[in-house]
Amino acid sequence: MRRLLTITALTLAALLGAAGPALAHNTLLGSDPAEGARLTAGPNEVRLTFDQPVRAGEGYNTINVVGPDGTYWTEGEVRVEGTSVVAPVLPLGPAGTYTVGYRVLSNDGHPVPGKVTFTLTEPGGGTPAPPPAADQAESDSAGGMPIWPWIAGAVVLVGLGLVLALRLGRPKS
């Protein structure tokens, strides 16, 4: 029994130890406008600040501001400023909830998607931008790869390790 517990503990330690690099993705620390902010006038730009530098490069980082009616309000190039990613915003239109969808290239090389919302309380007179390319719009709303395949894989590996340990640990009679 002691041998089984030791093998199980070592297997779990190996699985959890291998997950270290996956936890190195950038994390959103804050945004301007802030999550849930209520504004009377739209911002000139959206700024997302992360805990680590964001990798720069054309096409790596995207930010889209989507209005309450599904129209887009960002136009121009997204720029990286160290740990921040900034996108210019057109003068906003209808009052309501706006969603800032983003995908940035993490410091470890993996894409990090997410979203922030704010509310425009007074309607503006702006004209929306044309919709972005289909692949960019999809990536901004995607939540990334689900975690369940990783969990299922870990369970299978632990199960195989236990079966092998029990079979190899039996004395031959």
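The values are calculated or read from the model by the stated rules, or taken from the named source; none is laboratory data. All figures in this text were calculated on a predicted structure; none of them were measured in a lab. Note that each Cβ is placed from the backbone with ideal geometry, even for glycine, and that neighbours are counted across all protein chains shown. With ligands, DNA and RNA removed, areas are computed over all heavy atoms of the protein, side chains included. Shrake-Rupley method; radii C 1.70, N 1.55, O 1.52, S 1.80 Å.
Scan segment 139-148 and give yes if some residue there is more than 26 Å from Gln52 (Cα to Cα), at pLDDT below 95 and not basic (Lys, Arg), otherwise no. Yes, the conditions are met somewhere in segment 139-148. If you go through segment 46-60 and keep only what is surrounded by 14 or more Cβ atoms within 10 Å (Cβ to Cβ) and not hydroxyl-bearing (Ser, Thr, Tyr), you end up with Val46, Arg47, Leu48, Phe50, Gln52, Pro53, Val54, Arg55, Ala56.
Here Gly93 passes the criteria (1) touching a Leu at 6+ places or on another chain (Cβ under 6 Å); (2) within 17 Å of Arg38 (Cβ to Cβ) except the one numbered (1). For segment 26-78, residues that are closer than 30 Å to Gly125 by Cα and either acidic (Asp, Glu) or not in a strand (DSSP E or B) (or both) total 23. Checked across segment 157-169, the condition of being more than 30 Å from Ile63 (Cβ to Cβ), in contact with a Lys or Arg (Cβ under 8 Å, 6 or more places away or on another chain), modelled with pLDDT of 75 or more and assigned to a helix (DSSP H, G or I) holds for at least one residue. Among residues of segment 103-126 that are closer than 17 Å to Arg47 by Cα and without any contact (Cβ under 8 Å) to a residue 40 or more places away in the chain, those with a beta-carbon under 6 Å from a residue that is of a type in the set (Lys, Arg) and open to solvent by less than 70 Å² (accessible area, probe 1.4 Å) at least six positions away or on a different chain give the pairs Pro113/Arg103.
Looking across segment 79-126, just one residue is within 26 Å of Asp51 (Cβ to Cβ), open to solvent by less than 40 Å² (accessible area, probe 1.4 Å), part of a loop (DSSP other than H, G, I, E, B) and touching a strand residue (DSSP E or B) at 6+ places or on another chain (Cβ under 9 Å), and that is Ser106.
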